[in-house]
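Note sheet for the following structure.
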Amino acid sequence: MLNIMHLTFDMGIGGTEQVIRQLILGLDPKSFTQQICCLEQEVGAMGQQLQNNGIRVHALARQPGFDLSLIKKLRQLIQVERIDVIHCHQYTPWVYGWLAACGLHPKVVFTEHGRFFPDRYRWKAWAINKAMAASTAKITAISAATKAALEQFEFINSKHIEVIYNGIDAIQSSEQAKQQVKNELGISAEHNVIGTVARLDSIKNQAMMIQAFAMLRDTHSQLRLLIVGDGPEMNTLRALTQQLNVVDYVIFAGFKSPAIDYMAIIELFLLPSLSEGTSMTLLEAMSLGIPCIVSDAGGNAEVIAHNLNGLVLTENTAAHLAKAIEYYLTNKQALIEAGAQARLRFEQLFSAKQMVSAFTEIYQLSVKQ
């Protein structure tokens with residue numbers, strides 16, 4: 001039996017955390033034992049939930065700057081827990097995990113979950129990244145775009161990087177639950193609902209989404225824009241709806257956990273982000289059979305096949321987004337077909353089962369190296 005430790009910043013609510021959770025729940029307990037180590041002091045909501053279900057979660061309370069004492073703590077933990085594979089999620093955990101594992105038994109696996117926007121070169125990392133990559137059992141990226149960024153900005157040879165798409169369990173919502181949400185939000189049967197579920201942050205580009213929606217209001221009186229989430233841009237976005245005279249037609253639902261029933265009433269999912277890895281909410285929308293319109297950022301164009309299960313914007317502007325929305329509003333058959341393809345593409349490429357299977361093989365092969 002292999003003992004796996006997932007090393008991450010924390011286990012709050014986010015895409016990386018969902019991947020770890022899926023691996024914790026999906027790997028065969030007869031072949032693997034698993035635990036989580038958080039570099040930060042806070043375990044996070046998802047970590048607490050896993051703890052309550054019997055999963056061991058450590059928190060090492062990283063200090064500001066480069067924390068040398070953290071390497072010692074992590075090294076001791078690896079030895080005490082008899083770790084076979086330390087799976088480092090994101091770059092900084094990789095650095096700490098690789099240094100802590102040097103000279104010890106466990107193999108190191110590194111997954112890059114996404115990149116900062118705008119991406120940048122860090123020349124001081126040139127030598128250390130090459131050394132880490134050479135002695136890391138496996139490097140994976142959540143999209144081809146992320147893989148390309150690792151090669152360009154982190155100087156890691158692409159032949160060492162395997163793309164493994166994020167995977168989730170399909171989500172479901174009942175007609176009763178959807179009707180309750182519609183009643184709560186004041187949405188009637190004649191309304192067409194488009195929208196998104198995301199943190200309200202400038203990188204998610206919701207301001208442009210509202211601008212595109214405003215362009216359509218005069219010709220589509222029954223159109224409603226649903227924005228589920230909270231964040232630093234909330235007040236700015238609310239002010240924008242007033243400025244554009246669409247305050248009565250844009251619905252801010254706030255943060256919802258889970259947000260499944262809110263997402264399920266959306267007929268057309270929008271994700272015009274400036275930067276993305278492989279968006280978990282995009283996968284959730286696809287699993288519900290919802291067509292998506294996305295920016296050509298990060299892994300979006302790998303998840304959404306243009307003109308199959310949605311549209312990929314050639315230019316990420318309000319005018320182009322409005323035109324794409326208009327296409328589906330005036331072509332219901334295309335909307336229906338894209339929804340069916342969304343569900344099919346999800347099952348073929350982005351299920352939790354496929355992701356877990358890929359990492360099962362990686363863990364098993366890494367210890368044989």
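The values are calculated or read from the model by the stated rules, or taken from the named source; none is laboratory data. Since we're looking at a predicted model, the values are computed, not measured. Every residue, glycine as well, gets a Cβ built from its backbone with ideal geometry; the counts of neighbours run over all protein chains shown.
Values as computed for the structure displayed
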read-out	value
Conditions (1) part of a loop (DSSP other than H, G, I, E, B); (2) over 20 Å from the mean Cα position of the chain (by Cα); (3) closer than 27 Å to Ile4 by Cβ: number failed by Leu308	(3)
Flag if Ala212 is surrounded by 17 or more Cβ atoms within 10 Å (Cβ to Cβ), farther than 26 Å from Pro258 by Cα, in the same structural domain as Asp261 (by TED's automatic domain parsing) and of a type in the set (Gly, Ala, Ser)	yes
Residue list for segment 26-49, filter: under 20 Å from Ser279 (Cβ atoms) and at pLDDT 95 or above	Gly26
Some residue of segment 163-186 being on the phi > 0 side of the Ramachandran plot, touching a strand residue (DSSP E or B) at 6+ places or on another chain (Cβ under 8 Å) and in contact (Cβ under 8 Å) with a residue 40 or more places away in the chain	yes
Only listed residue being small (Gly, Ala, Ser), in a helix (DSSP H, G or I) and under 30 Å from Leu2 (Cα atoms), chosen from Ala338, Ala342, Ala358	Ala358
Pairs, first farther than 13 Å from Arg21 by Cα in segment 51-63, second at pLDDT below 95 and of a type in the set (A, V, I, L, M), C-beta under 6 Å, six or more apart	Ala59/Val43
Meets criteria (within 28 Å of Leu23 (Cβ to Cβ), β-branched (Val, Ile, Thr), in the same structural domain as Ile293 (by TED's automatic domain parsing) and surrounded by fewer than 18 Cβ atoms within 10 Å (Cβ to Cβ)) for Ile128	no
Glu302 over 20 Å from His220 (Cα atoms), surrounded by fewer than 21 Cβ atoms within 10 Å (Cβ to Cβ) and free of Cβ contacts under 8 Å to residues at least 40 places away in the same chain	no
Any pair with Cβ under 7 angstrom, 6 or more apart, that starts in segment 23-42 at a residue that is at negative phi and free of Cβ contacts under 8 Å to residues at least 60 places away in the same chain and ends at one that is small (Gly, Ala, Ser) and assigned to a helix (DSSP H, G or I)	Ile36/Gly47; Cys38/Gly47
Residue check for Ala324: buried (at least 18 other Cβ atoms within 10 Å of the Cβ), touching a Leu at 6+ places or on another chain (Cβ under 7 Å) and assigned to a helix (DSSP H, G or I)	yes
Test set (1) assigned by TED's automatic domain parsing to the domain that holds His87; (2) not in a strand (DSSP E or B) - Ala207 fails condition number	(1)
Among (1) outside any helix (DSSP H, G or I); (2) over 21 Å from Tyr327 (Cβ atoms); (3) not assigned by TED's automatic domain parsing to the domain that holds Lys124 - the single one Glu162 does not satisfy	(3)
Any chance Ile187 is in a loop (DSSP other than H, G, I, E, B) and modelled with pLDDT of 95 or more	yes
Any hit, segment 218-232, residues being basic (Lys, Arg) and surrounded by 19 or more Cβ atoms within 10 Å (Cβ to Cβ)	yes
Test result for Thr196, closer than 18 Å to Gly14 by Cα, assigned to a helix (DSSP H, G or I) and among the polar types (S, T, N, Q)	no
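Listed here are the residues, each with its yes/no results for (1) assigned to a strand (DSSP E or B); (2) buried (at least 23 other Cβ atoms within 10 Å of the Cβ).
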site: Gly12; (1), (2): no, no
site: Glu17; (1), (2): no, yes
site: Arg21; (1), (2): no, no
site: Gln35; (1), (2): yes, no
site: Glu42; (1), (2): no, no
site: Leu70; (1), (2): no, no
site: Ile83; (1), (2): no, yes
site: Ile86; (1), (2): yes, yes
site: Val95; (1), (2): no, no
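Every residue, every condition in (1) touching a Gly at 6+ places or on another chain (Cβ under 6 Å); (2) over 21 Å from Ala141 (Cβ atoms), yes or no:
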| position | (1), (2) |
| --- | --- |
| Phe9 | no, no |
| Leu23 | no, no |
| Asp28 | no, yes |
| Thr33 | no, yes |
| Val43 | no, yes |
| Gln51 | no, yes |
| Cys88 | yes, no |
| Trp94 | no, no |
| Leu99 | no, yes |
